[in-house]
1. Using alpha carbons only, how many degrees (0 to 90, rounded to 10) separate the axis of helix 152-165 from the longest principal axis of the chain?
2. Relative contact order for the stretch 11-201: what percent, with Cα pairs under 8 Å and sequence separation of 6 or more?
3. Could you tally up the Lys pairs in the chain with alpha carbons closer than 25 Å? Skip any pair fewer than 8 positions apart unless they're on separate chains.
4. Calculate, in nm to one decimal, what Ala65 and Ala88 gain on full extension: separation in residues at 0.36 nm each, minus their alpha carbon distance.
5. Pairing the Cα long axis of helix 80-89 with the longest principal axis of the chain, what angle in degrees results, from 0 to 90 and rounded to the nearest 10?
6. Which one, Ser117, Ser169, Ser14, has the greatest fluctuation when you compute a Gaussian network model over the chain with C-alpha springs under 10 angstrom?
7. Only counting other Cβ atoms within 10 Å, I'd like Glu154, Glu138, Glu167 sorted with the fewest neighbours first.
Amino acid sequence: MTSQATTQRPTLRSQRVNQITNEPHAKLDALVKAHAPFDTQASFARFVVAQYLFQAELVSLYNDAALTAIIPDLPARCRAEAAKADLADLDTSVPAPVPGAVDNPTQAQALGWLFVSEGSKLGAAFLIKRAVGLGLSETFGARHLGEPAGGRAEGWKSFVRTLDSLELSPQEEAELDKGALEAFNRFTVLLEQAYANSAELA
Ligand code: HEM
């Protein structure tokens, strides 16, 4: 191996996906903040609508048998029910599905989506602290941001360890990246939609 090849050798797979989603993450972070979800419960409820829709679209991936063979605790990681309970706590009705959900992804692509959904639990550690300021908690209104069973850091580390240990072809690596980027795009769409609908209702 040449020294150039050594320098160019990708870091861990999870680090690569992290890198390529850095910019979409920064944009989404800014977009979330622009909607000031922690100013009022009404604004937070719109954020939960987006979170619920995103999680609801991923239910079939979290319960996929082949993916669960790779990540045994995958079904327990799903937050669709928690987000649904948050909606009820916030007196907000369950939103209708928004066209354009992920449909029949390849396994590697699905792992890219799950990477983003699981990674979002890290930012949730910061978000739940703000939600407490609105009188909410991991047992009321902000359940989906709560500490996962077994711990936030450990849950993420074990997901990443598994992801990094898989044998993937170059095509699958590309599908994984694609899935992660699609997930960020999708959350952005759902967030915009959630707040646009609140403007219509106002
Ligand atoms: C739908 C996907 C995601 C959403 C909506 C999201 C949202 C956010 C927001 C709003 C913050 C800012 C929290 C604050 O400053 O109060 C944040 C922080 C954070 N997010 Fe995400 N995130 C997502 C995905 C990810 C992914 C995939 C990762 C890791 C791979 C990640 C890792 C982090 C970390 C470590 C922080 C805290 C420190 C920092 O800002 O870098 N997030 N996230």
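Throughout, read-outs are computed from the coordinates displayed, never taken from laboratory work. Quick caveat: nothing in here was measured; it's all calculated off a predicted structure. Heads up, the Cβs are rebuilt from the backbone with ideal geometry, glycines too, and the neighbour counts pull from every protein chain shown.
1. That helix lies at roughly 30 degrees to the long axis.
2. Once normalised by length, the contact order is 34 percent.
3. 14
4. 5.3 nm
5. So the inclination is approximately 20 degrees.
6. Highest fluctuation of the listed residues: Ser169.
7. Listing Glu154, Glu138, Glu167 from fewest to most nearby Cβ atoms yields Glu167, Glu154, Glu138.
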